[in-house]
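First comes the structure, then the notes that go with it.
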Amino acid sequence: MNILIIAGGTGGHVYPALSIANEFQDDGNIISWIGKKNGLEESIALREDFSFYPIDARGFLGKNFFAKISAIFFLFRALIRSFFLMSTIKPDFIISTGGYISLAPGLIGSFFCPLFIHEQNSIPGLTNRILHKRSKITFEAFPDTFDHLTNKVKCVGNPIRDDIVNLSPINKSNGTKFNILILGGSQGSKQINDILINILLTKKVPSHWSFIHQAGKLTSKELQDAYIGSGNEFVIKEFLENIAEAYQFCDMVISRSGAMTVSEICSVQKPSILLPLPWSSENHQYINAEYLKNRGAAEIIDSDVSNYMQLLELLINLERDHNRLNSMAYSASKVFPEFAAKNIYKSINESLKI
């Protein structure tokens with residue numbers, strides 16, 4: 001079969017799509033991909049030997065008046081291009097993982113063949129809210145993201161990359177160390193960086209704590225100097241090439257609460273302290289974090305520099321309470337369904353036989 005993947009913009013949309021695509025490629029299907037030119041998805045498609053078709057689009061939500069007018073113009077242009085792309089690709093079915101890049105090809109494609117969509121967050125994005133009306137099956141990572149009045153909604157969790165899924169859940173490099181992994185996201189988080197700087201400059205951090213700090217593009221001399229001054233072992237990276245290894249050897253994760261990040265943390269069964277992005281659309285990061293906290297898998301701290309002492313005290317208390325840490329790790333393993341990509345693959349195949 002010829003399968004069309006539509007995904008782009010951020011890794012949160014692209015990597016779940018890749019996991020699903022690999023399931024179908026392993027079964028001998030032909031994969032085509034529509035995404036943003038020169039984006040992450042194009043480099044991945046070329047690496048995986050998928051046929052790639054670029055499309056241009058602009059975001060709408062949260063933009064000023066002129067940017068919204070521009071977005072509407074690009075949408076109409078993308079709708080026309082999508083019509084010709086469907087005629088060229090001739091897909092047997094389409095899988096879309098959301099993001100504004102997916103709206104035009106997903107909408108037009110749904111008139112050519114069955115459309116399947118996957119929503120990663122607890123609050124659906126605008127594109128998936130629209131495409132849900134046209135989908136054959138809507139897959140969700142968090143329960144009750146969509147109205148379940150129809151039987152076309154299936155809660156499957158988020159597809160996780162194989163290198164993360166296949167990790168051993170507990171593999172500490174050194175039992176005397178307390179290894180803390182800090183994830184600021186691909187762009188980095190100035191708030192998280194400033195919180196850590198305040199802790200390191202004003203308080204005595206236990207000497208056996210070690211840090212891996214993924215700071216994105218916001219890596220700074222101030223952050224590095226604060227770590228050096230603390231005397232603690234540390235590594236600061238703009239990007240973690242081997243995130244699986246970082247997960248494997250950490251004892252605690254401090255992170256934003258994007259959908260894919262919390263899904264990965266739960267997959268590797270790690271306790272976490274989550275600092276939701278305060279201005280995430282419809283406050284979805286807080287809702288993601290709350291979902292984990294309510295299941296005993298995480299703690300939440302408001303992402304504000306004034307809360308640096310709250311974070312330090314929570315870290316100290318958690319490290320001392322091994323039972324609580326173990327309980328959080330176990331709870332994390334139960335938050336999401338396992339084998340999301342395989343279950344999506346199975347559900348799609350079964351639906352096409354009806």
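Nothing in this text is a laboratory measurement; each read-out follows from the coordinates by a stated rule. Please read all numbers here as calculations on a predicted model, not as lab measurements. Note that each Cβ is placed from the backbone with ideal geometry, even for glycine, and that neighbours are counted across all protein chains shown.
For the chain, a Gaussian network of Cα nodes joined below 10 Å ranks Glu282, Glu23, Glu264 by mean-square fluctuation, and the top entry is Glu282. All distinct Cα pairs of the chain go into the 1/r average, and the inverse of that average, the Kirkwood radius, is 21.2 Å. Among the trypsin sites (Lys or Arg not before Pro) in segment 245-354, those placed in a DSSP loop whose Cβ has at most 14 other Cβ atoms within 10 Å are Lys334. Of the chymotrypsin sites (Phe, Trp or Tyr not before Pro) found in segment 165-263, those in coil by DSSP whose Cβ has at most 12 other Cβ atoms within 10 Å are Phe239.
Using a Förster distance of 25 Å, how high is the FRET efficiency between Asn64 and Phe239, based on the Cβ-Cβ distance and rounded to 0.05? Using R0 = 25 Å, I get an efficiency of 0.25. Dividing the summed helix terms, -39500 (n - 2.57) for each DSSP H run of n ≥ 4, by the number of residues in the chain produces a 222 nm estimate of -13000 deg cm²/dmol to the nearest 500.
For segment 134-166 versus segment 293-341, the inter-centroid distance based on Cα atoms is 24 Å. Comparing Gly229, Gly35, Gly258 in a Gaussian network model of the chain where C-alpha atoms under 10 Å apart are linked, the largest mean-square fluctuation is found at Gly229. The convex hull around the C-alpha trace of segment 164-333, projected and averaged over every direction, spans 8.8 square nanometres.
Measure nothing fancy, just the Cα-based angle from helix 308-320's long axis to the longest principal axis of the chain, in degrees from 0 to 90, nearest 10. The helix 308-320 is inclined about 80 degrees to the chain.
Listed from fewest to most Cβ neighbours within 10 Å, the set Ser267, Ser351, Ser272 follows the order Ser351, Ser267, Ser272. In segment 114-173 the Cα-Cα distances spread across 5 Å bins starting at 0 as 4, 18, 25, 19, 10, 8, 7, 5, 3, 1 percent of all pairs. Less than 5 angstrom separates the built amide H of Lys154 from those of Thr138, Phe139, Glu140, all sequence-distant by 5 or more or on a different chain.
As a proxy for reagent exposure, Thr150, Thr97, Thr261 were ordered by neighbouring Cβ count within 10 angstrom, fewest first; the result is Thr150, Thr261, Thr97.
Once the convex hull of all Cα atoms in segment 1-110 is built, its volume per residue stands at 84 Å³. A DSSP coil position with no more than 16 other Cβ atoms inside 10 Å describes the following chymotrypsin sites (Phe, Trp or Tyr not before Pro) in segment 308-354: Phe339.
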